[in-house]
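Presented below is the structure to which this report refers.
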Amino acid sequence: WREETSVYGIFRPGNVYVDPESEEILGFEAIEVGLARALDRDGDVLTFSMASVQEDVRIGDRLMPTEERRVESTFYPRPPETEVRGVIMNVLGGVTQVGRNDVVVVNRGTNDGLDVGNVLAIAKKGAVVRDRFDRKLVQLPTERSGVLMIFRAFEKMAYGLVLQTTEPLRVGDVVRTP
């Protein structure tokens, strides 16, 4: 119970974001399932009223004071000032294919020079095919197939909105400075 706030977010653990290249843990996702308002307190026991819910609230969900965060409503798209190369780690919404207006998680953040408004090119990983003549496996080159814009950046990872894509993308595809 914090005296300065009476509104709490209700969260449950989500994904653990692990860099597919270095295997370093980059962050932990907290899924917001609702909003509660503290009504009364008796020692360590608080009474809450549910203000809103997106999912069922379960035993074990966590309460956290709501974070006052300025919402960016205007973005100025621009390339990062440094060379950035990473991969798409996850797609929000539990889908495997990535399309226009999907939100993706990338394994680069402010430590790598990314900032809100940065635009990155998305390159589809080339398929591995068998050469018809010598029967060896050949890795086809990556090809540019989309653009995303970073809208929320953390130290080691960032969230981006896919602005354009010429074909379905997926987790593991490369993002880089255009």
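The values are calculated or read from the model by the stated rules, or taken from the named source; none is laboratory data. Every value quoted in this text rests on a predicted model; they were computed, and no experiment measured them. Note that each Cβ is placed from the backbone with ideal geometry, even for glycine, and that neighbours are counted across all protein chains shown. Ligands, DNA and RNA are stripped out before the accessible areas are found, and what is left, the full protein with its side chains, is counted by its heavy atoms. Shrake-Rupley method; radii C 1.70, N 1.55, O 1.52, S 1.80 Å.
Could you please report the charge total around residue 96, scoring K, R as +1 and D, E as -1 over all other residues with beta-carbon less than 12 angstrom from its beta-carbon?
Summing Lys/Arg as +1 and Asp/Glu as -1 gives -1.
Give the calculated FRET efficiency between residue 95 and residue 7 to the nearest 0.05, with a Förster radius of 30 Å applied to their Cβ-Cβ distance.
0.45
Of the candidates 156, 125, 136, which one comes out as most mobile in a Gaussian network treatment of the chain with C-alpha springs shorter than 10 Å?
Looking only at 156, 125, 136, the largest GNM fluctuation is found for 136.
All other residues with a Cβ under 11 Å from the Cβ of residue 21 taken together, and with Lys, Arg as +1 and Asp, Glu as -1, what is their net charge?
-1
Using label points projected 7 Å from each Cα along Cα→Cβ, tell me how many nm separate residue 121 and residue 21, to one decimal.
Each label point lies 7 Å from its Cα, and together they span 1.6 nm.
Relative contact order for region 50-178 using alpha-carbon pairs under 8 Å, separation at least 6, rounded to a whole percent?
In percent, rounded to a whole number, it is 31.
Under the rule a/c < 1.5 gives rounded, and otherwise a/b versus b/c splits prolate from oblate, where does region 61-178 land using the Cα gyration tensor?
prolate
Sticking with the crude label model, points 7 Å out along Cα→Cβ, report the distance from residue 133 to residue 50 in nm, one decimal please.
Going from the residue 133 label point to the residue 50 one covers 6.7 nm.
Given R₀ = 30 Å, FRET efficiency for residue 152-residue 57 by Cβ-Cβ distance, to 0.05?
0.75
What's the center-to-center distance, using Cα atoms, between region 96-119 and region 130-178 in Å?
So the two Cα centres are separated by 11 Å.
Write down the radius of gyration of region 1-144 and its Dmax, each obtained from C-alpha positions, in Å.
21.7, 79
By accessible area of protein heavy atoms, probe 1.4 Å, what ranking do 29, 143, 23 get, highest first?
23, 143, 29
List the residues whose amide H sits under 5 Å from the amide H of residue 152, counting only those 5 or more places along or on another chain, with H placed 1.01 Å from N in the peptide plane.
Here 159 satisfy the definition.
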